[in-house]
1. Quick check on the stretch 118-169: of everything there that is hydrophobic (A, V, I, L, M, F, W, C) and free of Cβ contacts under 8 Å to residues at least 12 places away in the same chain, which residue is surrounded by the most Cβ atoms within 10 Å (Cβ to Cβ)?
2. How many residues, within the stretch 2-32, are over 27 Å from GLY156 (Cα atoms) and open to solvent by 50 Å² or more (accessible area, probe 1.4 Å)?
3. Could you tell me which residue of the stretch 66-90 is least open to solvent (accessible area, probe 1.4 Å), considering only residues that are within 16 Å of LEU50 (Cα to Cα) and in contact with a Lys or Arg (Cβ under 7 Å, 6 or more places away or on another chain)?
4. What are the residue pairs meeting all of these: first residue in the stretch 40-61, first residue among the acidic types (Asp, Glu), second residue open to solvent by less than 30 Å² (accessible area, probe 1.4 Å) and not in a helix (DSSP H, G or I), Cβ atoms under 7 Å, and 6 or more apart or on different chains?
5. Against the definition (in a helix (DSSP H, G or I), β-branched (Val, Ile, Thr) and out of contact with any Lys or Arg (no Cβ under 6 Å at 6 or more places or on another chain)), how does VAL221 come out, yes or no?
6. Being buried (at least 23 other Cβ atoms within 10 Å of the Cβ), of a type outside the set (Lys, Arg), in contact with a helix residue (DSSP H, G or I) (Cβ under 7 Å, 6 or more places away or on another chain) and touching a residue at least 40 places away in the same chain (Cβ under 8 Å) narrows it down to one of ASP96, ASP112, so name that one.
7. Can you find even one residue in the stretch 202-212 that is touching a residue at least 60 places away in the same chain (Cβ under 8 Å), in a loop (DSSP other than H, G, I, E, B), of a type in the set (A, V, I, L, M) and buried (at least 19 other Cβ atoms within 10 Å of the Cβ)?
8. Condition (residue is in contact with a Pro (Cβ under 8 Å, 6 or more places away or on another chain), assigned to a strand (DSSP E or B) and closer than 18 Å to GLY8 by Cβ) applied to the stretch 155-170: is it met by at least one residue?
Amino acid sequence: MVLAVDIGNTNICIAGLTGEALRTVAFTARMVTRARCTADEYAAELKFLLGRLQVDCRACEGVIVCSVVPALTRPLAEACRRLTGHMALVVDCTLDTGLTFCVDEPERVGRDRIADAAAAAALYPLPCMTVDLGTATTYNVVSARREFLGGFIVPGVLTSLRAISAGTAQLPPIAPQAPEELIGRNTVAALNNGAMFGTAAMLDGLADRVEAELGAPLTVVATGGLAPHILPCCRRPVHYDGDLLFKGLALLWQRNRDRL
């Protein structure tokens, strides 16, 4: 088993990757991202979480860490080393990803975007666009020649809803959910439907424009917890892959394990 850690702005997600080509996600766990935690604190929290799942950390054959919070990369990598006895492989653009980076500053591409794009290029028809609905909604475009062309970054659904609620006097905070109809008939429904159908329309529109730019049929793959609620609002076919990032981390581990 390989322990995969995805350090996001809101949550840290942990998974155990097993099976042929490490394609099976044996378990997942989640903890809140806390910027000032030390390696000691994270090691204790990880030990508690994995203990509840009856995971034998010493049975892990390796660790891979993907982080968009640079200040936490080293503490989490060290916490994983203490638990498993293995140095962590840290995702960045210098790894063998199977992609060619055709962007201005490859070193500044989000590590989660690298994992998503690597997985999509390996598992889906190209050209391809991935959509990751997290704290930010990130789009990645991979050409038919496995070139990472860049993409788009916009505020995430929850981020947008929190911002509009905090910045107005009469719009309440809401938890987004699958809309029952198109037009919102009250304030809560209007907020919810605007977020859901607005995100779907943006996804459709960007995919149409990328497809026209590339001059070839575009495969679109979405991931993230809200994706199952948003995809039914889309007009074009979109694949849902909830484990896309972890599949990318499995691929990156296999291609780069000899670097450790």
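1. ALA163
2. Qualifying residue count for the region: 5.
3. THR84
4. Note: pairs meeting the criteria are GLU45/MET31; GLU61/VAL2.
5. Spelling it out, it is not the case that VAL221 is in a helix (DSSP H, G or I), β-branched (Val, Ile, Thr) and out of contact with any Lys or Arg (no Cβ under 6 Å at 6 or more places or on another chain).
6. Exactly one of ASP96, ASP112 is buried (at least 23 other Cβ atoms within 10 Å of the Cβ), of a type outside the set (Lys, Arg), in contact with a helix residue (DSSP H, G or I) (Cβ under 7 Å, 6 or more places away or on another chain) and touching a residue at least 40 places away in the same chain (Cβ under 8 Å), namely ASP112.
7. no
8. No, there is no match, as no residue in the stretch 155-170 is in contact with a Pro (Cβ under 8 Å, 6 or more places away or on another chain), assigned to a strand (DSSP E or B) and closer than 18 Å to GLY8 by Cβ.
The values are calculated or read from the model by the stated rules, or taken from the named source; none is laboratory data. Being a predicted model, the structure only gives us computed values, none of them experimental. As a convention, Cβ positions derive from the backbone with ideal geometry for all residues, glycine included, and neighbour counts pool all protein chains shown. Just so you know, the surface numbers come from the protein's heavy atoms only, side chains and all, with ligands and any DNA or RNA stripped out. Shrake-Rupley method; radii C 1.70, N 1.55, O 1.52, S 1.80 Å.
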